[in-house]
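The values are calculated or read from the model by the stated rules, or taken from the named source; none is laboratory data. Please read all numbers here as calculations on a predicted model, not as lab measurements. Virtual Cβ from ideal backbone geometry, glycine too; neighbours counted across all protein chains shown. The protein model used for the area step is the full one, side chains on, heavy atoms only, and it has no ligands, DNA or RNA in it. Shrake-Rupley method; radii C 1.70, N 1.55, O 1.52, S 1.80 Å.
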Amino acid sequence: MIIAIDGPAASGKSTTARLVAERLSFTYLDTGAMYRAVTLAAIEQNIDPSDQKSLKDLLEDIDLDLSTRNRETQISLNDRDVSELIRSIEVTANVSAVSAEPLVREAMVVMQRMIGNRQDCVIEGRDIGTVVFPAAEFKFFIVADYAARAHRRQLDLERLGEQRSLNDLINDLKIRDQKDSSRTHSPLRKAADAIEIDTSNLTIEQQVTLIVDQVKSRL
Ligand code: DC
């Protein structure tokens, strides 16, 4: 069974998806972490995402491995743990351009379907309910207002030792939303049959309970 949880950056979907997976004993898959790891690899190898030949070679070379430890996604890139590096400002600033490339999307979607077809999963991303698993049994689309999203992003960055103002973060989020929603391939979009949840004024516990209750009531 697949529970698809899509929505814009910092809408609260990661924390929610992880906890829903835990409550239901499903595997949790953070697809944003996969696009971030490819972005990190491209930055480290100085690859311009529009250079198709280099991008193709890069995708053939990289080996991604995902797991969950202490409730956090652990991701390794060619056997190197990059779980923290993929959250840096530099990766965040470049991930929209890299994830807009069809070559990258095709490779990631193949991996995501392989993982999702093997086990019950809560899969979090932008296009899970629309493209990756359009027949998912459950689809949720998580949204929140800019103030709430920027505040959450600020707390995440503080944990990494990075300080940013709320205004800067709101601007970054607007730019990323615009890029993620307007790209040609698999843009961020709510599936017609997804249930929308606005988390601006909800606690994490409330968000998780809302989804778990919906799932349990339809099982
Ligand atoms: O959820 P996140 O902020 O970690 O995602 C990082 C970027 O990856 C986001 O800006 C868009 C991209 N992404 C995507 O294109 N498709 C997905 N399924 C997940 C993330």
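So here's what we get for this one:
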{"quantity": "Scan of segment 50-65 for residues that are part of a loop (DSSP other than H, G, I, E, B) and open to solvent by 30 Å² or more (accessible area, probe 1.4 Å), ordered by number", "calculated": "SER50, ASP51, ASP63"}
{"quantity": "Members of segment 161-214 that are in a loop (DSSP other than H, G, I, E, B) and over 27 Å from PHE26 (Cβ atoms)", "calculated": "GLY161, GLU162, GLN163, ARG164, SER165, ARG183, THR184, HIS185"}
{"quantity": "Selected residue (criterion: farthest from the ligand (Cβ to nearest atom)) from residues of segment 72-103 that are assigned to a strand (DSSP E or B), out of contact with any Ser or Thr (no Cβ under 6 Å at 6 or more places or on another chain) and closer than 25 Å to ASP48 by Cβ", "calculated": "ARG80"}
{"quantity": "Tally of residues being β-branched (Val, Ile, Thr), buried (at least 24 other Cβ atoms within 10 Å of the Cβ) and either more than 11 Å from the ligand (Cβ to nearest atom) or over 14 Å from ALA136 (Cβ atoms) (or both) across segment 3-36", "calculated": "3"}
{"quantity": "Residue match in segment 143-165 (condition: within 15 Å of the ligand (Cβ to nearest atom) and within 12 Å of ASP6 (Cβ to Cβ))", "calculated": "yes"}
{"quantity": "Residue count for segment 177-210, restricted to those that are open to solvent by less than 80 Å² (accessible area, probe 1.4 Å) and among the polar types (S, T, N, Q)", "calculated": "8"}
{"quantity": "Options GLU106, GLU124; residue that is open to solvent by 80 Å² or more (accessible area, probe 1.4 Å) and within 13 Å of the ligand (Cβ to nearest atom)", "calculated": "GLU106"}
{"quantity": "Subset of segment 155-192 [farther than 18 Å from GLY12 by Cβ and touching a strand residue (DSSP E or B) at 6+ places or on another chain (Cβ under 6 Å)]", "calculated": "ALA191"}
{"quantity": "Extreme residue, nearest to VAL109 (Cα to Cα), among residues of segment 166-203 that are within 12 Å of the ligand (Cβ to nearest atom) and acidic (Asp, Glu)", "calculated": "ASP180"}
{"quantity": "In segment 141-157, residue surrounded by the most Cβ atoms within 10 Å (Cβ to Cβ) [restricted to those that are of a type in the set (D, E, K, R) and touching a Lys or Arg at 6+ places or on another chain (Cβ under 9 Å)]", "calculated": "ARG153"}
